[in-house]
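For reference, the structure is listed below as structure tokens.
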Amino acid sequence: MRSLTLDFQKAPLVLNYEYMGETWSGTLAGEDVTPRINPYRATYYLRRLQNLKVSQWLDPEDEDALRALNNLAFRVKLDLEITDYSDAESTVIEQANDAGIINDTPEGMLQEHGDDADILRSLATMERKTHSETRTLEIAPGSYDSDRPFFYGRLVETGQLFIIPFEDAQSLAGDFLDM
């Protein structure tokens, strides 16, 4: 992930994530808020978002969902940088053989810990093909009155509509900034 934009305040909060350094930076209404970002909350939020599961997928023309989504509670936009790792294993082995750091015996193979971990990481991330994608979730209240309150959601890029439980929607309206 390159950036995450949360649009539920007067001005969107834009968080930028640097994967290799596991660091966050951000702006709110054009002001640098990097020192105020709580990296633990931001990382926790990202994990929650990655593990989000819908309760139910809806028909793209569901009138109740479309009506509710006219009054959004918030919007989450992810700007993703997708790395193609489809040939990573063969590249690591090929480059390691070229460098003479492994041989044909199991004892000669690189290990996933210690000094070898850094070698594996650098070999696996070298010259990987990447492409950018954007995913935008729109979230709106569906019902607070029932014994099972829920929110409607839409994946903007595909138009897919869905329902998520109240608790999951509430967790997506997170707060990342320390005062």
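Nothing in this text is a laboratory measurement; each read-out follows from the coordinates by a stated rule. What you see is a predicted model, and the numbers here were worked out from it, not measured in a lab.
Check I37: other-chain or 5+ apart residues with amide H under 5 Å from its amide H, H built from backbone geometry?
D178
If amide H atoms are built 1.01 Å from N in the plane of the peptide, which residues on other chains or at least 5 residues away come under 5 Å of the amide H of G142?
Result for G142 returns F150, F151, Y152.
Can you give the extra length, in nm with one decimal, that the chain gains between L66 and T158 once fully stretched, where that is 0.36 nm per residue apart less the Cα-Cα distance? Could the numbers behind the result be given before it?
Details: separation 92, 0.36 × 92 = 33.12 nm, distance 1.40 nm.
Once the chain is fully extended between L66 and T158, it gains 31.7 nm.
Need the C-alpha centroid separation for the range 128-176 versus the range 31-49, integer Å.
Taking the Cα centre of each part, the range 128-176 and the range 31-49 sit 18 Å apart.
Whose amide H sits under 5 Å from the amide H of F74, counting only residues 5 or more places off or on another chain, with H placed in the peptide plane?
It is I139, by chain and number.
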